[in-house]
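**Q** This structure is in structure tokens; I'll ask about it shortly.
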Amino acid sequence: MEGRDEALKIDIVTIFPRMVEGPLAEGIVGRAIERGLLDIRVHDLRAYTTDRHRLVDDMPFGGGPGMVLKPEPLFAAVDHIRAERGSPAAVILTSPDGRRFTHADGVRLSVLGHIVVLCGRYEGIDERVRENLATEAISIGDYVLSGGELPALVITDAVARLVPGVVGDEESVSRDSFARGLLDYPQYTRPAEYRGMGVPPVLLSGHHRDIERWRRREALARTLERRPDLMADVTLDPEDQALLKELLARPERSK
Ligand code: JBZ
């Protein structure tokens, strides 16, 4: 099986294994697992409990509402992973107070070879996990979630796409919007006219240079309009700079 010896290993630890197993079996990630490019294991945190009731949570010391994930099952799960799969290069805790996940984190994690993702739940997780087991904490954004399973899937998907061979067309990966730092240009497909709605004529013209220039201008214009914050980090070649200058000189666009 191609690339088997360089498969990226990802271990996900969760109290809801079925919440992540389904999505991972589908689409590009599912295919990459089948092809041996990704070696993903999902661990049921409850399997690492030792008490009769298989408790993964407990009341917070000092009182207060809600429950806290106990440290022992999480440490035991990572011990097990280490014994079975070797030492991971990163142990990521999904947490609302983690650093915001970006494409740059995806690139960094994709070359580590082996990562563990611990899914937070309940009101929180024993701080000793954060301090002494996790190597970093990551959040996917500022909204309230019920747990770290969806963030773990988001991180896994973003990282998986950056493993060579996972996405069939490598060119499309390097052209992806957050890889380039610009939003995508608008796309159209057949029919050329639908319910009176047309398609930008340049796309039907067959003039590839014109099409390329139009797409670059649209990508720049949309980024400027919708995500001006991205412009700070983007590197523009001289042609892009000229297009940008044109756009900025122009009166208000209606987008
Ligand atoms: C995350 C307590 O478990 C949680 C709750 C919310 C949450 C996470 C874990 S991770 N939100 C995020 O990535 O934003």
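**Q** Just checking, does segment 168-175 include any residue being under 26 Å from residue 29 (Cα atoms), open to solvent by less than 80 Å² (accessible area, probe 1.4 Å) and either touching a residue at least 60 places away in the same chain (Cβ under 8 Å) or in contact with a Lys or Arg (Cβ under 8 Å, 6 or more places away or on another chain) (or both)?
**A** So far as segment 168-175 goes, yes, one or more of its residues are under 26 Å from residue 29 (Cα atoms), open to solvent by less than 80 Å² (accessible area, probe 1.4 Å) and either touching a residue at least 60 places away in the same chain (Cβ under 8 Å) or in contact with a Lys or Arg (Cβ under 8 Å, 6 or more places away or on another chain) (or both).
Table: residues versus (1) under 26 Å from residue 176 (Cα atoms); (2) of a type in the set (Lys, Arg).
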residue	(1), (2)
8	yes, no
20	yes, no
34	yes, no
41	no, yes
53	no, no
56	no, no
69	no, no
102	yes, no
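**Q** From 152, 160, 89, which residue is within 15 Å of the ligand (Cβ to nearest atom) and surrounded by 13 or more Cβ atoms within 10 Å (Cβ to Cβ)?
**A** Selected residue: 152, the only one of 152, 160, 89 that is within 15 Å of the ligand (Cβ to nearest atom) and surrounded by 13 or more Cβ atoms within 10 Å (Cβ to Cβ).
**Q** Just a yes or no: is a residue in segment 126-136 within 15 Å of the chain's Cα centre (by Cα) and surrounded by 17 or more Cβ atoms within 10 Å (Cβ to Cβ)?
**A** The answer is no; no qualifying residue exists.
**Q** Mind checking which residues of segment 93-120 are more than 9 Å from the ligand (Cβ to nearest atom), surrounded by 14 or more Cβ atoms within 10 Å (Cβ to Cβ) and part of a strand (DSSP E or B)?
**A** Hits for segment 93-120 are 114, 115, 116, 117, 118.
**Q** Restricting attention to segment 179-220, report how many residues are under 23 Å from residue 250 (Cβ atoms) and not in a loop (DSSP other than H, G, I, E, B).
**A** Final tally of qualifying residues: 16.
**Q** Working carefully through the options 247, 224, 243, find the one that is touching a Lys or Arg at 6+ places or on another chain (Cβ under 6 Å) and part of a helix (DSSP H, G or I).
**A** The unique qualifying residue is 243.
**Q** Still on this structure, please answer the following. All but one of (1) in a helix (DSSP H, G or I); (2) more than 7 Å from the ligand (Cβ to nearest atom) hold for residue 165, so report the exception by its number.
**A** So the condition that residue 165 fails would be (1).
**Q** If I filter segment 35-48 for residues that are outside any helix (DSSP H, G or I), open to solvent by 40 Å² or more (accessible area, probe 1.4 Å) and in contact with a Lys or Arg (Cβ under 6 Å, 6 or more places away or on another chain), do I get at least one hit?
**A** Looking for residues that are outside any helix (DSSP H, G or I), open to solvent by 40 Å² or more (accessible area, probe 1.4 Å) and in contact with a Lys or Arg (Cβ under 6 Å, 6 or more places away or on another chain), one finds at least one in segment 35-48, hence yes.
The values are calculated or read from the model by the stated rules, or taken from the named source; none is laboratory data. Predicted model only: the values in this text are computed from it and were never measured. Positions of Cβ are generated from backbone atoms using ideal geometry, with glycine treated the same way; all protein chains shown enter the neighbour counts. These accessible areas exclude ligands, DNA and RNA; they are computed on the full protein's heavy atoms, side chains included. Shrake-Rupley method; radii C 1.70, N 1.55, O 1.52, S 1.80 Å.
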